[in-house]
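Colleague: I'd like to ask some things about the structure below.
None of the figures in this text is laboratory data; all of them are computed from the coordinates on show. Because the structure is a prediction, the values reported are computed rather than measured. Positions of Cβ are generated from backbone atoms using ideal geometry, with glycine treated the same way; all protein chains shown enter the neighbour counts.
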Amino acid sequence: MGGGLSGSLLALELVERGLPVTLVDAAEAKATALSYGGVAWWAGAPGRLGPLLREAPDRWRRLQGRHGPLGWRRCGLRLHGGGWGTTLLRPPFAQVDSTVLMASLPRVLAAAGVELRRARVLAPPRPVAGGWKLELEPGGPLLAEQVVLAAGAGCRSLAPGLPERHRASWAGVLVLPARPILPKPAASPWWRHAVRRRIVQPRHWQRPALEGAAAGLQEERWIVDAGFAPWGEGLLLGQISLVRPGLDTGEPPPPEAMEGRLRRGLAGLDPLLAALPAPYRQVPVAFCAGGLPLVGPLPGEAGLWVFSGFGGAFAQVPVLAPLLADVITGVADPSTLAGLGVLAG
Ligand SMILES: Cc1cc2nc3c(=O)[nH]c(=O)nc-3n(C[C@H](O)[C@H](O)[C@H](O)COP(=O)(O)OP(=O)(O)OC[C@H]3O[C@@H](n4cnc5c(N)ncnc54)[C@H](O)[C@@H]3O)c2cc1C
């Protein structure tokens, strides 16, 4: 369940291992489609997952070798908010351009043999003899031997008993579908990086700290991480993140207020970029407090799996999807995942 980055890459791994796979996706706003797609394989993760992430560039190259272009490319990264001139501010980086990824996935999945169903799963899967029953709209019931929850922020309503560390935020960006011609390019110190298709991010990224504080929040809190990323022929400018207390993602926050906050935060980096006429868009994004995603079987629910809540999904998913596929197909033991600290329960 879920046709974003996590559900799609896992589906590809499972069909490659010979399992028949149906991918059910509501085709609603997905975090993947609005993502900067930065592949921070060097940024680490808690415990043994950190070193494993160094395999991410190889994984993307292999995926592209097998399935054709998915948007992966090496790209420059510029960090602001620190002194200039150190190599620390120019780390190697890569990006998966989410416009390319989203455009390619339906063809790639179909060619690999994944059956695609455009439908919403209405309620938590119900156990039946030999597997699970899903209620789809449109489409009615669907029976499956095994089910993987890879529905991002939609996972909680499909499995209310998920561990509390799995939560969701709202993230918003300004979407420039094409790169505008600026009257005076030199007026913006950052524009040359956009022209060279580099990602610009704050050196001190606030989003992880906000996610880490989620469990103790008494009221909603938002932050702006000012930066931008190439997105097809255009740019994503932002981003604003809002986290609410509790486990319910809730209704989308008021877009006008969020856009105003985002533009004011972005103006601190570059008033010219902040004033560009670009529509504001927002999506719910799953994350796990503590930085380790949920990957593996749901305790006490034979044949029900979870693959969600990534911190750095574009580095974590391509590395973890083959491991989970090995466990689901019985090639590897769940202890592989336990050693990484990603099991639920
Ligand atoms: C602005 C922004 C910038 C980001 N930058 C980065 C970055 O630089 N690097 C990085 O690694 N990560 C980044 N992220 C985070 C990353 O994009 C996400 O963690 C990742 O894309 C999540 O993928 P997913 O497949 O788990 O979820 P999603 O992409 O949200 O996909 C979930 C899918 O499940 C479907 N679904 C939900 N409920 C149901 C249901 N009941 N029935 C059927 N289908 C359902 C939805 O329609 C959706 O298609 C960013 C995110 C945003 C928003």
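Colleague: Using Cα-Cα distances under 8 Å and only pairs 6 or more residues apart, what relative contact order does the chain have, in percent? Numbers along the way, then the final one.
Modeller: Values: 720 pairs, mean separation 79.0, N = 345.
Here the relative contact order equals 23 percent.
Colleague: Now for a different question. For the residue pair Ala213 and Arg107, what label-to-label distance in nm results when each label sits 7 Å from Cα along the Cα-to-beta-carbon direction?
Modeller: Between Ala213 and Arg107, the simple spin-label model gives 4.5 nm.
Colleague: Sticking with this one: Points 7 angstrom from Cα along the Cβ direction at Glu137 and Ser157: gap in nanometres?
Modeller: So the label points at Glu137 and Ser157 sit 0.9 nm apart.
Colleague: If you don't mind, another one. Sort 125-134, 233-242 by the packing proxy (mean of other Cβ within 10 Å over each peptide's residues), most packed first. Working shown, then result.
Modeller: Details: 125-134: 14.4, 233-242: 22.7.
Packing proxy ranking, top to bottom: 233-242, 125-134.
Colleague: Based on DSSP H runs of at least 4 residues, each adding -39500 (n - 2.57), what is the mean residue ellipticity at 222 nm of the chain after dividing by all its residues, to the nearest 500 deg cm²/dmol? Can you show the working numbers first?
Modeller: Working: 11 runs with 95 residues, N = 345.
So the helix-based figure for the chain works out to -7500 deg cm²/dmol.
Colleague: Continuing with this model, one more query. I'd like the FRET efficiency for Glu164 and Ala187, computed as 1/(1 + (r/R0)^6) with the beta carbon distance as r and R0 of 35 Å, rounded to 0.05.
Modeller: Working: r = 47 Å, r/R0 = 1.36.
Computed FRET efficiency for Glu164 and Ala187 comes out at 0.15.
Colleague: Need the full-extension length gain, Thr22 to Ala43, defined as separation in residues times 0.36 nm minus the C-alpha distance. One decimal, nm. All intermediate terms of the calculation are to be shown ahead of the outcome.
Modeller: Values: separation 21, 0.36 × 21 = 7.56 nm, distance 3.33 nm.
Using 0.36 nm per residue and subtracting the Cα-Cα distance, I get 4.2 nm.
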